[in-house]
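A single structure is presented below for examination.
The values are calculated or read from the model by the stated rules, or taken from the named source; none is laboratory data. Quantities reported herein were computed from a predicted structural model and do not represent experimental measurements. Cβ coordinates were reconstructed from backbone atoms using ideal geometry, including for glycine residues, and neighbour counts include every protein chain displayed.
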2 protein chains.
Amino acid sequence: MVAATSFEFKEYVASRREIVENRLREYLSGSEPEVLWESMRYSVLGGGKRLRALLCLASADALNPDALELAVPCACAIEMVHAMSLIHDDLPALDNDDLRRGRPTNHKVFGEALALLAGDALLVLASETVLEQTPADVGRSVVIEVALELARAAGAAGMVGGQVEDMAFTGLAKRPQELVTGAMLESMHRRKTGALIRFSTWSGARLAGADESRLRAFARFGEVVGLAFQITDDLLDVTGDAKVLGKTPGKDEASDKATWVRLHGVDQSRAKLADLESEGKALLSSSGLLSGATSMLGSLLEYAIHRLS
Amino acid sequence: MVAATSFEFKEYVASRREIVENRLREYLSGSEPEVLWESMRYSVLGGGKRLRALLCLASADALNPDALELAVPCACAIEMVHAMSLIHDDLPALDNDDLRRGRPTNHKVFGEALALLAGDALLVLASETVLEQTPADVGRSVVIEVALELARAAGAAGMVGGQVEDMAFTGLAKRPQELVTGAMLESMHRRKTGALIRFSTWSGARLAGADESRLRAFARFGEVVGLAFQITDDLLDVTGDAKVLGKTPGKDEASDKATWVRLHGVDQSRAKLADLESEGKALLSSSGLLSGATSMLGSLLEYAIHRLS
């Protein structure tokens, strides 16, 4: 596996982000009721790394350079689901956050009721986007499979289920911190952030026509990136500065949150990251794809771990 | 058009409700995380008329007695979407209701955070149910079409958009009551409750293989039932007793809510109901289906208006 040069990677990321931003603007151009769409646009079009969309598009690109367009609607749908999870997570009933990416959170601008409903509308729009916008070149049963897996990644078995587990771990359900084990924490992360990241690489590969064995490899690669991203976040909360992290460090400690680093310590967390980096690179190498084709995925894995983009 | 006898109708409703309840129990038998599924089950399996599921199944039945099974997953998905809308509507950020169908609302039992997340999970499970459980006899492009229309009925163009309009009408957005016109009120109802009821009859017909002209007639029939149901609700709030209404009368007046009856008066509302009843019956008569086949739909329309079941 080779990673792309820093220059190539930046060019690639910029070009793919532009495609995603333009298409998201198009999908979110609705106007009735105006205030609802404004609230939806505020959160989806308000910046963000687009890591999930990039993973989806880079997976499709890796398998077939002509498959990009087939995966764009799905990549946008993933960003909608991600954005809605942040809107609902930020609500007073959950994390009660006032700031997100340096801007007031959705409910601070639009009120709690609209934030709640904008999240609901985005969840539905994501499914609509996959079902309606995926080009006709993609077989109808593949479209169904992708929409179904997106629902699974978002729902009780995935992201939403993980949010519930996370609540239990942060004292909201009065569960003593001491009872949270590494296995429980990993299960929570696998659902809360991992399921959608896993879906990102899997769906890109599926839409590009990957066979069963490559689909498994791409899905596992997504799991690796997801877990690496989470551990890096936890590490940065302890060791990083606000600029790299994009939020205030020390928040996990202050909110008595179970994190990878609190459970395993900094050294073991760094060792786990190194293992994940090796596993991810091995998955790409053994995919049978040209190393040039998978170089952007390799760079996205490195980005998840080193945040150097 | 003939309506079924009261006895036939009761038997029919009981048999279809049993199918729906059993299948909903099956679809909602998940257990991880346990408390999330409990919260989902609490609201979906906690009673209710199942009007929307009955409309979907009766539409399928009317077109083809063998099509029932094809429509059952969709009928259940509709009830999931309906239940999630009630959970989110009842939250303090929206209507702040403590009671629903005589029981504490979801957030009163499980807390606001879980109620919010259970609603999200149900919205996703509805889409999953249509995509995964619709029998293979149904063409894959029809499954996509039905899942897509369900998303539209639930989202910004439908139910969620209607909830936002309703908020604007009840003073939450500080809009003066006087500015609410009949057209605005009808648009709100068409979205908030109408879109899902319209989808119920349309999807039953679509899954049973209806042609374009019958599809249009069934969709319009659903619109008629939806509006009639809403006007009846508004009338009962003024004239009815709590037993028929299933909730405390006089609540609309107390909450300064724009309703059909407040805008048009009792007499005009009754006249509109009579018009809708005629239009609905005419749609069934002109469908070219045997009157026996559409009798249950006729009875459901009468039920929506007279609440005599």
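Sort through A:94, A:117 and tell me the only one that's outside any helix (DSSP H, G or I), within 13 Å of chain B (Cβ to nearest Cβ), in contact with a helix residue (DSSP H, G or I) (Cβ under 6 Å, 6 or more places away or on another chain) and not basic (Lys, Arg).
When all the criteria are applied, what remains is A:94.
Right, residue B:70: over 30 Å from residue B:278 (Cβ atoms), more than 14 Å from chain A (Cβ to nearest Cβ) and in contact with a Cys (Cβ under 9 Å, 6 or more places away or on another chain) or not?
Numbers: over 30 Å from residue B:278 (Cβ atoms): yes; more than 14 Å from chain A (Cβ to nearest Cβ): yes; in contact with a Cys (Cβ under 9 Å, 6 or more places away or on another chain): no.
So residue B:70 fails the test.
Also, quick follow-up: Before we move on, is residue B:105 in contact with a Pro (Cβ under 9 Å, 6 or more places away or on another chain) and β-branched (Val, Ile, Thr)?
Details: in contact with a Pro (Cβ under 9 Å, 6 or more places away or on another chain): no; β-branched (Val, Ile, Thr): yes.
So residue B:105 does not fit the description; no.
Within segment A:113-133, does at least one residue satisfy the condition of being touching a Cys at 6+ places or on another chain (Cβ under 7 Å) and either of a type in the set (Asp, Glu) or buried (at least 23 other Cβ atoms within 10 Å of the Cβ) (or both)? Let's see the steps before the verdict.
Kept after step one, since they are touching a Cys at 6+ places or on another chain (Cβ under 7 Å), are these residues of segment A:113-133: A:129-130.
Applying the additional criterion that residues be either of a type in the set (Asp, Glu) or buried (at least 23 other Cβ atoms within 10 Å of the Cβ) (or both) yields A:129-130.
The answer is yes, given that some residue of segment A:113-133 is touching a Cys at 6+ places or on another chain (Cβ under 7 Å) and either of a type in the set (Asp, Glu) or buried (at least 23 other Cβ atoms within 10 Å of the Cβ) (or both).
When you check residue B:50 against the structure, is it surrounded by fewer than 21 Cβ atoms within 10 Å (Cβ to Cβ), out of contact with any Asp or Glu (no Cβ under 6 Å at 6 or more places or on another chain), basic (Lys, Arg) and free of Cβ contacts under 8 Å to residues at least 60 places away in the same chain, yes or no? Working first, answer last.
Values: surrounded by fewer than 21 Cβ atoms within 10 Å (Cβ to Cβ): no; out of contact with any Asp or Glu (no Cβ under 6 Å at 6 or more places or on another chain): yes; basic (Lys, Arg): yes; free of Cβ contacts under 8 Å to residues at least 60 places away in the same chain: yes.
It is false that residue B:50 is surrounded by fewer than 21 Cβ atoms within 10 Å (Cβ to Cβ), out of contact with any Asp or Glu (no Cβ under 6 Å at 6 or more places or on another chain), basic (Lys, Arg) and free of Cβ contacts under 8 Å to residues at least 60 places away in the same chain.
Every residue, every condition in (1) over 24 Å from residue B:125 (Cα atoms); (2) surrounded by fewer than 24 Cβ atoms within 10 Å (Cβ to Cβ), yes or no:
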| site | (1), (2) |
| --- | --- |
| A:145 | no, yes |
| A:154 | no, no |
| A:185 | yes, yes |
| A:188 | no, no |
| A:203 | no, no |
| A:210 | yes, no |
| A:230 | yes, yes |
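Next question, about the same structure. Considering segment B:157-181 alone, what residues qualify as being within 9 Å of another protein chain (Cβ to nearest Cβ), modelled with pLDDT under 95 and part of a loop (DSSP other than H, G, I, E, B)?
Passing the criteria: B:172, B:173.
Within segment B:259-283, work out how many residues are surrounded by 17 or more Cβ atoms within 10 Å (Cβ to Cβ), closer than 30 Å to residue B:293 by Cβ and among the hydroxyl-bearing types (Ser, Thr, Tyr).
So the count comes out to 0.
Which numbered condition trips up residue B:65, out of (1) within 12 Å of another protein chain (Cβ to nearest Cβ); (2) farther than 20 Å from residue B:192 by Cα; (3) not aliphatic (A, V, I, L, M)?
Every condition holds for residue B:65 apart from (1).
Just a yes or no: is a residue in segment A:43-54 closer than 29 Å to residue B:107 by Cα and either modelled with pLDDT of 95 or more or not in a helix (DSSP H, G or I) (or both)?
yes
Shifting gears a bit: Is at least one residue of segment B:77-89 more than 15 Å from residue B:121 (Cβ to Cβ) and either surrounded by fewer than 24 Cβ atoms within 10 Å (Cβ to Cβ) or among the hydroxyl-bearing types (Ser, Thr, Tyr) (or both)?
Yes, segment B:77-89 contains at least one residue that is more than 15 Å from residue B:121 (Cβ to Cβ) and either surrounded by fewer than 24 Cβ atoms within 10 Å (Cβ to Cβ) or among the hydroxyl-bearing types (Ser, Thr, Tyr) (or both).
Moving on. Looking only at residues that are on the phi < 0 side of the Ramachandran plot and free of Cβ contacts under 8 Å to residues at least 40 places away in the same chain in segment A:101-114, which one is farthest from the other protein chains (Cβ to nearest Cβ)? Can you show your working first?
Applying the first criterion (on the phi < 0 side of the Ramachandran plot) to segment A:101-114 yields A:103-110, A:112-114.
Still in the running and free of Cβ contacts under 8 Å to residues at least 40 places away in the same chain: A:104-105, A:107-108, A:112-113.
Details: A:104: 17, A:105: 14, A:107: 8, A:108: 13, A:112: 4, A:113: 5 Å.
Residue satisfying both the conditions and the ranking: A:104.
Looking at segment B:23-40 only, could you name the residues that are surrounded by fewer than 18 Cβ atoms within 10 Å (Cβ to Cβ), away from chain A (no Cβ under 11 Å) and assigned to a helix (DSSP H, G or I)?
B:25, B:26
Filter segment A:120-156 down to the residues that are among the small types (Gly, Ala, Ser) and more than 7 Å from chain B (Cβ to nearest Cβ) and list them by number. Quick ask: steps written out before the conclusion?
First, the residues of segment A:120-156 that are among the small types (Gly, Ala, Ser): A:121, A:126-127, A:136, A:139, A:141, A:147, A:151, A:153-156.
Selection gives A:126, A:136, A:139, A:153.
Another question about this same structure. Could you identify the single residue in A:15, A:39, A:59, A:29 that is of a type in the set (Gly, Ala, Ser), at pLDDT 95 or above and within 17 Å of the chain's Cα centre (by Cα)? Quick ask: steps written out before the conclusion?
Working: A:15 fails: within 17 Å of the chain's Cα centre (by Cα); A:39 fails: within 17 Å of the chain's Cα centre (by Cα); A:29 fails: within 17 Å of the chain's Cα centre (by Cα).
None of the others qualify; the one that does is A:59.
I would also like to ask the following. Among the residues of segment B:7-22 satisfying the criterion of being surrounded by fewer than 19 Cβ atoms within 10 Å (Cβ to Cβ) and touching a residue at least 24 places away in the same chain (Cβ under 8 Å), which is nearest to residue B:295 (Cα to Cα)? Outline the logic, then answer.
Just the residues of segment B:7-22 that are surrounded by fewer than 19 Cβ atoms within 10 Å (Cβ to Cβ), to begin with: B:7-8, B:10-11, B:14-15, B:17-19, B:21-22.
Of the ones still in play, those that are also touching a residue at least 24 places away in the same chain (Cβ under 8 Å) are B:8, B:10, B:17, B:19, B:21.
Values: B:8: 10, B:10: 12, B:17: 17, B:19: 20, B:21: 23 Å.
The qualifying residue nearest to residue B:295 (Cα to Cα) is B:8.
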